[in-house]
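To start, the structure itself, in structure tokens.
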Amino acid sequence: MNALAATSRNFRNAARILGLDAKIEKSLLIPFREIKVECTIPKDDGSLVSYVGFRVQHDNARGPMKGGIRYHPEVDPDEVNALAQLMTWKTAVADIPYGGAKGGIGCTPRELSKSELERLTRVFTQKIHDLIGTHTDVPAPDMGTNAQTMAWILDEYSKFHGHSPAVVTGKPIDLGGSLGREAATGRGVVFGTEALLAEYGKSVKDLTFVIQGFGNVGSWAARLIHERGGKVIAVSDITGAIKNPNGIDITELIKYKENTGSLLNFSGGDNMDPNELLVHECDVLIPSALGGVLNRFNPFTNKLTAFLGVSYPMFCIINSLPSPLSFSPFIDKRGSFLIALI
Ligand SMILES: NC(=O)c1ccc[n+]([C@@H]2O[C@H](COP(=O)([O-])OP(=O)(O)OC[C@H]3O[C@@H](n4cnc5c(N)ncnc54)[C@H](O)[C@@H]3O)[C@@H](O)[C@H]2O)c1
């Protein structure tokens, strides 16, 4: 089941529980606007390359639409649609006066130079500038994008509309960004985990954590867990995975990754098979890369099922996409918890 089918199914289930009128249910599943643009840029070697960019504006009933922009090779219209829909539910559940949107470009950002990324971002902005805006649709960073990406969008947008710092969130502080924004999502993951642990008289201290993804969200979550005395015993990113049963020194790992661009061969841990990460025994598993990694088609489901039988496993799903609902029953059966931060 693809991301859109899973997200829509979850919404239909929720609508049924809420007793939502069938017409409202149907209209809420249809996005307000779907934008697809071709972004052609010169590469540094002078050749031309083209990428497809999307912006899906799902719903603005509660306020301007809001949602991240993702740069990833697997970005496709259905995924962006699903993520835009989830943004509508997210702002509504948090009672923030915004709607939902999401965008993305199908590209591999680490294979592009900084100037190529800048050109791509500026061309994308040129193509969608008339359809975004402070009172219309406000983009933000997501996977593969960051404060620098937002600064380029802000600058390009301002060429058409005048200085408009509020057109994006997650921009650099010097350009009007908010203090704490960079850490906010990872911090939210830790707050959510702490709140649930507190219900059971536990705390992050001395528990073991496995984190998939060591970008903005994963590395901030790791840093805050480390500061609180939790043991991060395995982490992975696109370059590979490392483990240390005694706990990884996250401060040192962040420095190492900044210097080498990789987690591999870090002296404070051992390299491990990244596929083993999701089934590595731990108290809390934090998948902070792509959504949908825990599903019945995962080749490691059997091991994962066994893993779920350990004493206090807990999943903290921080990706915007929830794992398919069909996963929940056997999580529930084993007394594990799924914190789905949509
Ligand atoms: N940044 C935010 O504020 C924010 C807000 C809401 C939700 N999210 C969600 O959190 C997740 C992570 O976002 P981010 O901003 O940290 O992105 P990021 O680009 O900063 O980091 C992503 C990390 O995942 C790693 N990764 C990619 N593919 C992987 C794979 N197959 N196995 C292991 N690691 C892999 C990358 O190497 C990188 O370390 C995304 O699903 C995003 O939608 C982010």
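Every number in this text was worked out from the coordinates using simple rules, so none of it is lab data. Since the model is a prediction, treat every value here as computed from it, not as a measurement. Backbone-built Cβ (ideal geometry, glycine too); neighbour counts: all protein chains shown.
Here are the numbers for the structure shown:
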{"quantity": "Gaussian network model of the chain, Cα within-10 Å springs - most flexible of I242, I96, I35", "calculated": "I96"}
{"quantity": "Rounded to 5, the percent of DSSP beta bridges in the chain classed as antiparallel", "calculated": "50"}
{"quantity": "Antiparallel DSSP beta bridges within the range 20-175, as percent of all bridges there, nearest 5", "calculated": "70"}
{"quantity": "Cα-only Debye scattering, the range 160-241: base-10 log of I(q)/I(0) at q = 0.11, 0.18, 0.27 Å⁻¹", "calculated": "-0.40, -0.80, -1.24"}
{"quantity": "Helix runs (DSSP H) in the chain reaching 18 Å along axis by Cα, Kyte-Doolittle at least 0.0", "calculated": "3-18, 77-93, 181-199"}
{"quantity": "Aspartates and glutamates with Cα under 16 Å of K23, excluding same-chain neighbours fewer than 8 positions away", "calculated": "D59"}
{"quantity": "Environment charge of P77, counting only residues whose C-beta is closer than 14 Å and scoring Lys/Arg +1, Asp/Glu -1", "calculated": "-1"}
{"quantity": "Ranked packing of 17-29, 263-275, 129-141, most packed first, by mean Cβ within 10 Å", "calculated": "129-141, 263-275, 17-29"}
{"quantity": "Whichever lysines have a C-alpha closer than 22 Å to that of K26, once near sequence neighbours (fewer than 8 apart) are set aside", "calculated": "K66, K90, K102"}
{"quantity": "Gain on full stretching of the segment that runs from E34 to E74 - 0.36 nm per residue minus C-alpha separation", "calculated": "12.6 nm"}
{"quantity": "Stokes-Einstein translational diffusion, the range 5-149 - Kirkwood Rh over all Cα pairs, 1.002 mPa s, 20 °C, in µm²/s", "calculated": "135"}
{"quantity": "Set of lysines near K202 by C-alpha distance (under 16 Å), chain-local residues within fewer than 8 positions excluded", "calculated": "K231"}
{"quantity": "For the range 201-232 versus the range 13-34, the gap between their alpha-carbon centres in whole angstrom", "calculated": "37"}
{"quantity": "FRET efficiency for K43 and D270, using Cβ-Cβ distance with R0 set to 35 Å, rounded to 0.05", "calculated": "0.40"}
{"quantity": "Sorted by Cβ neighbour density within 10 Å, fewest at the top, the residues T7, T251", "calculated": "T251, T7"}
{"quantity": "Antiparallel content of DSSP bridges confined to the range 193-249, in %, to 5", "calculated": "45"}
{"quantity": "The chain, helix-only ellipticity at 222 nm - DSSP H runs n ≥ 4, -39,500 (n - 2.57), divided by all residues, nearest 500", "calculated": "-11500 deg cm²/dmol"}
{"quantity": "Over 31 Å (Cα to Cα) - which of K127/K255; K36/K255; K114/K159 fall in this group", "calculated": "K127/K255; K36/K255"}
{"quantity": "Gaussian network model of the chain, Cα within-10 Å springs - most flexible of T260, T149, T208", "calculated": "T260"}
{"quantity": "GNM top mover of E258, E74, E116 - the chain, alpha-carbon springs below 10 Å", "calculated": "E258"}
{"quantity": "Total charge dipole magnitude, the chain, about the Cα centre, Cβ charges on Lys, Arg, Asp, Glu only, Debye to nearest 20", "calculated": "720"}
{"quantity": "At 0.890 mPa s and 25 °C, Stokes diffusion of the chain via Kirkwood alpha-carbon radius, µm² per second", "calculated": "117"}
